[in-house]
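The values are calculated or read from the model by the stated rules, or taken from the named source; none is laboratory data. Worth saying up front: this structure is predicted, and the values here are computed from it rather than measured. Quick reminder, even Gly has a Cβ in these numbers, built from the backbone with ideal geometry, and neighbours come from all protein chains shown. Accessible surface is based on the protein model in full, side chains and every heavy atom, while ligands, DNA and RNA are left aside. Shrake-Rupley method; radii C 1.70, N 1.55, O 1.52, S 1.80 Å.
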Amino acid sequence: MKKYVFKPFRTYGGCYIYDRSLNTFFRISKEEFLTFQSLEKGKLKSSDDLTISKYLLAGYLTENCVKCIEHPDKSYLQYYVDRYVQYMTLQVTQNCNLRCEYCIYSGTYENQRTHSPKRMSWETAKKALQFYLAHSIDSKKIMIGFYGGEPLLEFELIRKCVSFVENEVQGKEIEFHITTNGTLLTKEKFSFMSEHGFHILISLDGNKDEHDKHRRFASNGEGSFDTIMQNIKMLQEKYPEEIKKVQFNAVMTPEMDLACVMDFFDVDEVISDHYIMFSDVATGFKSDTDEEDRFWTVRNYEYLKYYLALIGKISMDHVSLMAQKTLANVLEIRSRMMKHSQMTECMHHNGPCIPGVRRLFVTVDGDLFPCQNTSEIQDYFRIGSLKEGFLLDKIEHMLNIGALTKDECRDCWKLRLCSICAQQIEFKGVVPQKADKQKQCTLQERIITQYLHIIAVLNEFGYDAMN
Amino acid sequence: MSNETVSFFPLTHDIETLLDFTELLTVQVGDIGTYKEDSKKLRRITDNIRINKNYAPNEKEIVVVPPDADIEKLLRYPIPILKAHEEERQILLSQRHAVKLGISGSHVKKIEKLPESFTFQKDYRKLFEFPVPVFGVLGTEESCGKFRLQLSLKKYFDDHSIKTAFVCSNHLGALSGMYTIPEELFGNTYTFSEKVSYLNQYLSNIYFEMKPDMIVLGVPGGVFSLQDNENDYYSEFAHVFSHVLKFDAVSLNLFRNEERTDEILDAIDSYMAYIFTTSVYMYGVSSMIAKRINDSDEYEMLDTHSYVTEKQPCVRRETGSWIVDTGDMRGIYCVLDHMVDEMQDGIHSL
Ligand code: SF4
């Protein structure tokens, strides 16, 4: 086991050492940087070195105390699944009226189901709702999401679910959520949803050309942009206040003309006042485009503008929403590091939420999964069913995914910044193996190193988080 | 209040705790009602208490709204309380709840037990020194299971017929005969030094009313703040009490999922010694856990009481303090036996 866990790194402006024991980094001299590099590579012993002693005396680089890699919530799993389920999503249908190319159900992804005419029956929905209410006694709120396919294809079922829940819940706040492609929105559906406080998320990828590249109707292959915009305009006229709460999600794909997309969300008179989220297309989407370079040039340029705005060189008004939203996690990591929190003997990397507790996804057939992003055809992710209840062993395995690489994690400099959940691990067999997970470790190395560089450079240019 | 019948709405965590100690109650328990979505909770309550899915206390029952009832929930479903109010039935609830629910009248009272005749003398500053041992019940944070421990202590001292004045940090303690801390002290009405003086006078009143051999004092709130965004009023009560009187010993409740290595407990020992001039006689490992809410900096306190399969073994540290599971009655009795023995032998500072 390593005695001290650290990572030396350098930027053009300085040399640094990231100290895992305090989850922070600090500036060092060039000479010290070389010493730390030698120590890291095992060419020098820490006990012989004065540089280490200097920092030890100053209270940095505490000895590695991590004895076990275990998720802190593992000991309370039975309690959580019995009484603390937070959010349930119902897959009301596996069908959709669109056939988006990058959709995880489009048939181009390994280990994902495809669209099907299967729908959730009222009996299953009712059982799911009862199951959720019985397992969320200690949760503050009741939060229910409707998901598909396209959930608005099953609007009558949604109505029934809403009235059932409202009748069964007296004290707790209730939140309903729906993710829709927006093509089936009508006045009647919208007014029902806003009356019942729905949080509505519409998938819209940008301007017409970009959106229609992928998001097309199943029936005739035509783009869905015009239909969605017509619906939104119609609802804006009839419900000018309520429609403001609707949010949009744009999926970014490498072949998209990002500059046009950003322009659209920044200035379009129908959309620009709404909250917009940006997400990357699911890994595994294979696009045969030679536009990828251009996509990344534009994206990186936007990121650069964001950093310039953070250090006060340009106004944040010139920075696209896309950059502000997708880079929020850099600042989040920075604030986590600012806490300088101590390590404990038993630790686990970030990433896994408690499967089935933070989110519980119920399929049309009443099978339980941790969320809508996990594969429905890999049994590993099936954490139970409405009939048999939760399968605790499977939940525990997924939660405690750090155990797969426990020896590596104990000594890994990234332990406190790493974020890997079981759903991200691609594997072929029955359960993921260490080698499968280590592919994600490589990716984490790249991401975290990049974050550290960004934060260090921002500091060099006087970024002040307080302002 | 004794031999009267009370009914509870809604069923909260503190009521569930209280009902684990029915033998201590000075009142009869009638109906217990709660929100429809929580009806599964009702099944856990012991057989000797009547449970009605549709809350319907009979006319003679006093309606008690527990202080830990979530006000937002009460406002969403106030029907049972408003009905009782309309019928002018006796209602016990906190001032905060009464104001939010907009109910008042001679039938509306606070849940409390105060000494017979107490009036605060604002300009009288001399502090009374208590001639009997004082044991403080503290917790690292708000909601870390002190109420359960205070009920266990009450049971012990009752069982051993030790004449003890209990002042409970939770107003529900009044239903098992414990004095409570006046609600007005929880607000901004008084300055820090006035609160010190007030509490000293208040406790001395209890002392002269009861002439106990010992005082057990539950301190509201916590001594540290776990939350970045909340400050637990900067542990105000713990600081106030450390000036009100000299604790001879204290217990400190820890969350079950809190680290408790020797290094950490040693650091807590020194902190308590410096800040509160007292040693920790007993660390209580509570069934409460502090759960970080998703990725935020906030925590939610959850009770795993009925899920604890492995009790924290009752051990004495080299420093002399004990670690005991607050759900382990035998462990608590064992620690208190030692404490009482040491008190009699004069070994411990008690
Ligand atoms: S990168 Fe891999 S070895 Fe390192 S902490 Fe994350 S999971 Fe563990």
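Report residue B:166's accessible area, 1.4 Å probe, all protein chains in place, as a number in Å² to the nearest 10.
Residue B:166 has an accessible surface of roughly 10 Å² with all protein chains in place.
Tally the DSSP beta bridges in the protein assembly as shown and give the antiparallel ones as a percent, rounded to 5.
DSSP beta bridges in the protein assembly as shown are roughly 30 percent antiparallel.
Run the numbers for residue A:308 and residue A:163: contour at 0.36 nm per residue of separation, minus the present Cα-Cα distance, in nm.
The residue A:308-residue A:163 span can extend by a further 47.2 nm.
Could you work out the percent of alpha carbon pairs in region B:5-109 separated by over 21 Å, rounded to a whole number?
Roughly 28 percent, rounded to a whole number.
From the gyration tensor of the Cα coordinates in chain A, what semi-axes in whole Å does the equivalent ellipsoid have, largest first, with each one equal to sqrt(5λ)?
Equivalent-ellipsoid dimensions as semi-axes: 42, 29, 20 Å.
Using the beta-carbon distance between residue A:184 and residue A:358 and R0 = 35 Å, what value does 1/(1 + (r/R0)^6) give for FRET efficiency, to the nearest 0.05?
My answer for the efficiency is 0.75.
Suppose accessible area is computed on protein heavy atoms with a 1.4 Å probe; arrange A:199, B:305 from highest to lowest.
A:199, B:305
Take every residue in peptide B:249-260, count the Cβ atoms of other chains within 10 Å of its Cβ, and give the average of those counts. Kindly include the intermediate steps, with their values, before the conclusion.
Working: counts 0, 0, 0, 0, 0, 0, 0, 2, 4, 0, 6, 0.
Per residue, the average neighbour count from other chains is 1.
So which chymotrypsin sites (Phe, Trp or Tyr not before Pro) in region B:108-148 pass both tests, a DSSP loop state and at most 10 other Cβ atoms within 10 Å of the Cβ?
The qualifying sites are B:124.
Taking a probe of 1.4 angstrom, what is the accessible area of residue A:138 in Å², to the nearest 10?
30 Å²
So what's the angle, to the nearest 10 degrees on a 0 to 90 scale, between helix A:225-238 and the longest Cα principal axis of chain A?
That works out to roughly 70 degrees.
Under 8 Å for C-alpha pairs, at least 6 residues apart: give me the relative contact order for region B:5-109, rounded to a whole percent.
Taking the mean separation of contacting Cα pairs over the length of region B:5-109, I get 28 percent.
Using a 1.4 angstrom probe with every protein chain in place, what is the largest-first accessible-area order of B:108, B:285?
B:108, B:285
Select from A:221, A:422, B:210 the residue farthest towards the positive end of the dipole of the protein assembly as shown; place +1 on Cβ of Lys and Arg, -1 on Cβ of Asp and Glu, and compute about the Cα centre.
Final value for the positive-end residue is A:422.
How high is the FRET efficiency from residue B:23 to residue B:60, r the C-beta distance, R0 25 Å, rounded to 0.05? Show your work: numbers first, answer last.
On the way: r = 23 Å, r/R0 = 0.90.
Computed FRET efficiency for residue B:23 and residue B:60: 0.65.
With labels modelled as points extended 7 Å from the Cα through the Cβ direction, what inter-label distance (nm, one decimal) is found for residue A:30 paired with residue B:338?
Label-label distance for residue A:30 and residue B:338, simple model: 6.1 nm.
Could you please state, rounded to a whole Å, how far the C-alpha centre of region B:243-301 is from the C-alpha centre of region A:1-38?
Between the Cα centres of region B:243-301 and region A:1-38 lies a distance of 34 Å.
Using just the helices of the protein assembly as shown, give the 222 nm mean residue ellipticity in deg cm²/dmol: DSSP H runs with n ≥ 4 each add -39,500 (n - 2.57), and the total is spread over all residues, rounded to 500.
On the way: 25 runs with 280 residues, N = 817.
Using -39500 (n - 2.57) per qualifying helix, the result is -10500 deg cm²/dmol.
Ordering A:85, B:132 by accessible area with a probe of 1.4 Å, largest first, what comes out?
Solvent-accessible surface, decreasing: B:132, A:85.
What's the extension gain from residue B:297 to residue B:266 if we count 0.36 nm per residue and subtract their Cα-Cα distance?
8.5 nm
Mind listing the long-range amide H neighbours of residue A:177? Cut-off is under 5 Å, sequence gap 5 or more, other chains count too, H placed in the peptide plane at 1.01 Å from N.
Excluding prolines and chain starts, which carry no amide H, the hits are A:144, A:145, A:146, A:199.
Label residue B:90 and residue A:12 with points 7 Å out from Cα along Cα→Cβ: what is the distance between them in nm?
Taking the two extended label points, one gets 8.0 nm.
In the structure displayed, which of B:41/B:113; A:325/A:394; A:325/A:414; A:172/B:195; A:244/B:36 lie more than 26 Å apart, Cα to Cα?
With Cα atoms farther than 26 Å apart: B:41/B:113; A:325/A:394; A:172/B:195; A:244/B:36.
In cubic angstrom, how much convex hull volume per residue do the alpha carbon atoms of region B:134-346 span?
On the way: hull volume 28.2 nm³, N = 213.
Cα convex hull per residue, to the nearest whole number: 132 Å³.
Just round it to a whole percent: the fraction of Cα-Cα distances in the protein assembly as shown exceeding 50 Å.
28 percent
Hand me the GluC sites (Glu not before Pro) from region B:224-330 located in a DSSP loop with no more than 10 other Cβ atoms within 10 Å, in residue order please.
B:310, B:318
Compute the distance from the alpha-carbon center of region A:220-242 to that of region A:56-106, in whole Å.
For region A:220-242 versus region A:56-106, the Cα centre distance is 35 Å.
Across the residues of A:336-344, average count of Cβ atoms on other protein chains within 10 Å?
1
Compute the Kirkwood hydrodynamic radius of region A:406-467, taking the inverse of the mean of 1/r over all pairs of distinct Cα atoms, and give it in Å to one decimal.
One decimal place: 13.6 Å for the Kirkwood radius.
So how far apart, in nm, are the two label points at residue A:406 and residue A:113 if each is 7 Å from Cα heading toward Cβ?
3.5 nm
Against the longest principal axis of chain A, how steep is helix A:258-267, in degrees 0 to 90 to the nearest 10, with axes from Cα atoms?
The answer is roughly 60 degrees.
Based on the Cβ-Cβ distance of residue A:296 and residue A:426, what FRET efficiency does E = 1/(1 + (r/R0)^6) give at R0 = 30 Å, to the nearest 0.05?
Between residue A:296 and residue A:426 the formula returns 0.85.
In debye, nearest 20, what is the charge dipole magnitude of region A:6-64 about its Cα centre with +1 on Lys and Arg Cβ and -1 on Asp and Glu Cβ, if you could check?
200 debye
Compute the separation of the alpha-carbon centres of region B:9-35 and region B:72-102 and state it in Å as a whole number.
First find each Cα centre; the distance between them is then 18 Å.
Using only protein heavy atoms and a 1.4 Å probe, report how much of residue A:140 is accessible, in Å² to the nearest 10.
130 Å²
Given contacts defined as C-alpha pairs under 8 Å and at least six residues apart, what's the relative contact order of chain A, whole-number percent?
The normalised contact order for chain A reaches 19 percent.
Toward the positive end of the charge dipole of the protein assembly as shown, about the Cα centre and with charges on Cβ (Lys, Arg +1; Asp, Glu -1), which of B:90, A:24, A:438 goes farthest?
About the Cα centre, the residue reaching furthest to the positive side is A:438.
Counting pairs of alpha carbon atoms under 8 Å apart in space and at least six apart in sequence, what relative contact order in percent does chain B give?
On the way: 616 pairs, mean separation 50.2, N = 350.
Normalised by residue count, the contact order of chain B is 14 percent.
Among the trypsin sites (Lys or Arg not before Pro) in region B:116-165, which ones are in a DSSP loop with at most 14 other Cβ atoms within 10 Å of the Cβ? Mind listing them?
B:122, B:125, B:126, B:163
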